[in-house]
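Enquirer: Have a look at this one.
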Amino acid sequence: GANGISPMGKGDMVTQDSRIRSYLEEYDVRPVDPGYVPSMSDPQVTLGMMLFFDRALSGNQDIACSTCHHPNLGTSDALSLAVGVGGSGLGAARVPGEDAGFIPRNSPDLFNRGSAEWKTMFWDARVSAVETYFDSPAGDELLEGLDSVLAVQAMFPPTSAHEMRGNPGDNPIADAEELTDIWAQLTARIVSFPGYQTLFEAVYPEVSLADINFSHIANALAAYEKAAFTRLDSPFDRYLAGDNHALNEQEKRGAELFFGDAGCATCHNGPLLTDQKSYVLGAPQLGPGKGDAAPADEGRFLETKREADKYAFRTPPLRNVELTGPYFHSGAYTNLYDV
């Protein structure tokens, strides 16, 4: 034809797109609802950004959220296993300290975590949104007033000895035995800085500084993560929005395999390309492991104690996946070609 495409080729293309769109409907793959995404100039986002990059949020004041979730590293750290307290350097150059090791699991990415589609957090799904409440390791001790499951997630890395808190004997926060005490001490430290006092007053004018608690900090962190890491303008997003030309021929062949014969969409479905369920895949185990079975990591079983959950880990999302390696709970694969 005049456009250089034979009538048969053009017909094949239409058929291919219709097949892919049928798959998308079958597996409920649709545009992600980002939820409310605040502006980067929002005062709560400013507060959250300050906190996200501030090492004062850790017991020894030697590690920030951004150490393991860096904007320049696909919102992770480019490492198979993260290096927490006592480490030095950033990204692939980060190394453990003399008396410290690796964190047991790979640092998850933070892309689009503000979407209401997200119901679970962490590799073992130990934080989840359940209808009218949040389920978490804190149980009834979880502070009230948390805005989202993403904010609930932000409550826990600062309480982890290896991730941010430090080991007993390192600092008073590391010596605290109760989650509520850890949160209270960290909050008191942050609120003691005059610059933060000004920011808290601007963001939460109806709350006195004496009444600020860690839920206010977690909500601010979540607001920043929503504003900074909501990314929904990929070629695939444009294809979902109806543009058949957003994907090239190779990508469309990949989509037909992904949703068809390869069976990937059995688990990687829905708007986020994860069913958020946990499965036993036999992914290689690296690093120190976790719990009584270390150096093994029994995954979801550590939370549920259900035999069927031994070595099960939650299906990871695939949005921005080329940016978020290494892959699997242990970071066993550094690229997509070896998976």
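Enquirer: Which residues' amide hydrogens lie under 5 Å from the amide hydrogen of Gln276, considering only partners 5 or more residues apart or on another chain, with H built in the peptide plane?
Expert: Thr315
Enquirer: Oh, and also: Could you grab the Rg to Rh ratio for region 150-259? Cα atoms only, Kirkwood for Rh.
Expert: Values: Rg = 21.5 Å, Rh = 17.4 Å.
Rounded to two decimals, Rg/Rh equals 1.24.
Enquirer: While we're here: To check you understand DSSP bridge types, tell me what percent of the beta bridges within the chain (both residues inside) are antiparallel, rounded to 5. Display every interim value, and only then the final one.
Expert: Working: 12 of 14 bridges.
Once the DSSP bridges in the chain are tallied, antiparallel ones form about 85 percent.
Enquirer: Moving on. Quick one: plug the Kirkwood hydrodynamic radius of region 87-136 (C-alpha pairs) into Stokes-Einstein at 4 °C, 1.567 mPa s, and report D in µm²/s.
Expert: Working: Rh = 13.6 Å.
In µm²/s, the coefficient rounds to 96.
Enquirer: Also, quick follow-up: As I understand it, the value is the acute angle between the Cα axis of helix 43-52 and the longest principal axis of the Cα atoms of the chain; what does it come to in degrees, rounded to 10?
Expert: 80
Enquirer: Just the number please: accessible area per residue for region 18-147, 1.4 Å probe, all protein chains included, in Å². Don't jump to the answer; show the numbers that get you there.
Expert: Details: 6060 Å² over 130 residues.
Accessible area per residue: 47 Å².
Enquirer: Something else about it: Taking only the alpha-carbon positions of region 84-236 and ignoring solvent, what does the Debye formula give for the base-10 log of I(q)/I(0) at q = 0.11, 0.17, 0.20 Å⁻¹?
Expert: -0.50, -1.18, -1.44
Enquirer: Here's a follow-up. Beyond 20 Å, what percent of the Cα pairs of region 1-153 remain? Write out the running numbers ahead of the final one.
Expert: Numbers: 7646 of 11628 pairs.
More than 20 Å apart: 66 percent of the Cα pairs in region 1-153.
Enquirer: I've got another one for you. Per the helix-only calculation at 222 nm, which mean residue ellipticity applies to the chain, given -39500 (n - 2.57) for every DSSP H run of n ≥ 4 and division by its residues, nearest 500 deg cm²/dmol? Before the final figure, lay out each step's value.
Expert: Working: 11 runs with 104 residues, N = 339.
Computed mean residue ellipticity for the chain: -9000 deg cm²/dmol.
Enquirer: Alpha carbons only, please: Rg and Dmax for region 136-176, in angstrom.
Expert: Using the Cα atoms of region 136-176, the pair Rg, Dmax is 11.6, 34 Å.
Enquirer: On the protein heavy atoms, probe 1.4 angstrom, tell me the percent of accessible surface of the chain carried by carbon and sulfur. Before the final figure, lay out the partial values.
Expert: On the way: 8610 of 16350 Å².
The computed percentage sits at 53.
Enquirer: When the convex hull of the C-alpha atoms of the chain is computed, what volume per residue in Å³ does it have? Could the numbers behind the result be given before it?
Expert: Values: hull volume 53.1 nm³, N = 339.
Cα convex hull per residue, to the nearest whole number: 157 Å³.
Enquirer: Are any of the pairs Lys226/Lys252; Lys226/Lys305; Lys252/Lys310; Lys119/Lys290; Lys226/Lys310; Lys119/Lys305 more than 26 Å apart by Cα-Cα distance, and if so, which?
Expert: Working: Lys226/Lys252 30 Å; Lys226/Lys305 33 Å; Lys252/Lys310 36 Å; Lys119/Lys290 24 Å; Lys226/Lys310 32 Å; Lys119/Lys305 21 Å.
Pairs exceeding 26 Å: Lys226/Lys252; Lys226/Lys305; Lys252/Lys310; Lys226/Lys310.
Enquirer: Find the eigenvalues of the gyration tensor of the Cα atoms of region 255-294, then list the square roots of 5 times those eigenvalues as equivalent ellipsoid semi-axes, largest first, in whole angstrom.
Expert: On the way: eigenvalues 166, 30, 12 Å².
Value: 29, 12, 8 Å, ordered largest first.
Enquirer: Counting C-alpha atoms alone, how compact is region 78-166: give Rg to one decimal and Dmax as a whole number, in angstrom.
Expert: Expressed in Å, the Cα Rg and Dmax of region 78-166 come to 14.6, 45.
Enquirer: To test your reading of the geometry: what angle, between 0 and 90 degrees and rounded to tens, separates the Cα axis of helix 194-203 from the longest principal axis of the chain?
Expert: The two axes meet at around 50 degrees.
Enquirer: Another question, if that's okay. Please give the solvent-accessible surface of Thr67 in Å², to the nearest 10, using a probe radius of 1.4 Å with every protein chain present.
Expert: 20
Enquirer: On the Cα set of region 168-208, report Rg and Dmax in Å, please.
Expert: Reported Rg and Dmax, both Å: 12.6, 37.
Enquirer: Please work out the average accessible area per residue across region 166-207, using the 1.4 Å probe convention, and give it in Å². Before the final figure, lay out the partial values.
Expert: Numbers: 2160 Å² over 42 residues.
Ligands and nucleic acids excluded, the figure is 51 Å² per residue.
Enquirer: Another question about this same structure. For region 64-89 and region 208-223, what is the separation of their Cα centres, given in Å?
Expert: A separation of 23 Å, based on Cα centres.
Enquirer: Something else about it: Just the Kirkwood number for region 235-303, please: inverse of mean 1/r across all distinct Cα pairs, in Å, one decimal. Don't jump to the answer; show the numbers that get you there.
Expert: On the way: mean 1/r = 0.0669 Å⁻¹.
When all Cα pairs of region 235-303 are included, the Kirkwood radius is 14.9 Å.
The values are calculated or read from the model by the stated rules, or taken from the named source; none is laboratory data. Because the structure is a prediction, the values reported are computed rather than measured. Please note that ligands, DNA and RNA were not included when accessible areas were found on the heavy atoms of the full protein model with its side chains. Shrake-Rupley method; radii C 1.70, N 1.55, O 1.52, S 1.80 Å.
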